[in-house]
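Just so it is clear, none of the values below were taken in a lab; they were calculated from the coordinates. The model shown is predicted, which means the values in this text are computed figures rather than measured ones. In this analysis, Cβ positions are derived from the backbone assuming ideal geometry, glycine residues included, and neighbour counts consider all displayed protein chains.
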Amino acid sequence: MTTADEPPVIEFRRSLGRQVGFLATAVPVAALALAVVNLASGDPWWDGLWLPLTWFLFFYLSLPMSRPPSAGNQARLPLRLTADHLQVAGPGERTLVIEWSNVARAEISGRWYPVLVIEPADPDRTRPPLARWEWAGYGQSRPYEIRVPLACLSPGRDLLRRELARRLPA
C-alpha cells in the first residue's frame, strides 16, 4: 500500500501503437514530399511512390540487425520506477536494480533515437553487482554506463523526465 507522499510504481514499455503511429505518419509525409519533388521536376507525381514505403519498411526491419554485436547485451525495456529503486531489464532475462541514492547520473539524450543513460555511483551496490562493461551498449562511453533505448516508449519520455527529476536526489 502506498501513501500519498510515496510515488507510484511506473513501468515503461515499448508500445506497438506508437510504432504503428510513427510509420502511419512518416510514410504518407515521405510520399507527399516525393510527389512534390516529382511535380517540381516535371515527372508524373506518382513516379516512385513505392520508395518511401520500401525505405521505411527496410529501415524499420533492419534497425535491430544494424547494431554492433555488443548491443546484444544492451539494456532494454521494461524500465520500472519504484519508490526505492530503478529497475532495468537486461541481458539473459536478468533485472538490474539500482537504488535512487546510488544513481550518479540519469539523463535522456537523443531526439530521433532517444536513450536513457544511467550510471550508478557504486556498481557494487546494484543488485546484482554490476561488472565493468557487462551491460555494454552502442555508444557507451563509460564502463558502468547503462543505455536504455526509449524509442516508441509508453507512457512517454515526458513522464520519465518528470519522474527522474522528482525521484533523483538533488
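Which whole-Hz couplings ³J(HN,Hα) result when phi for each residue of segment 10-16 is put into the Karplus expression 6.51 cos²θ - 1.76 cosθ + 1.60, θ = phi - 60°, listed in order with x for Gly and Pro?
Using θ = phi - 60°, the values come out as 10, 10, 9, 9, 6, 10, 4 Hz.
Name the residue farthest towards the positive end of the dipole of segment 112-170 from the options 135, 168, 155, assuming +1 on Cβ of Lys and Arg, -1 on Cβ of Asp and Glu, about the Cα centre.
Projecting each Cα onto the dipole axis, the largest value belongs to 155.
Multiply the residue separation of residue 18 and residue 109 by 0.36 nm, subtract the distance between their alpha-carbon atoms, and state the gained length in nm to one decimal.
Stretched fully, the residue 18-residue 109 segment lengthens by 30.8 nm.
How do the peptides 143-155, 113-125 rank, highest first, by the average count of neighbouring beta carbon atoms within 10 Å per residue?
Values: 143-155: 19.2, 113-125: 17.2.
With the highest mean Cβ count within 10 Å placed first, the list reads 143-155, 113-125.
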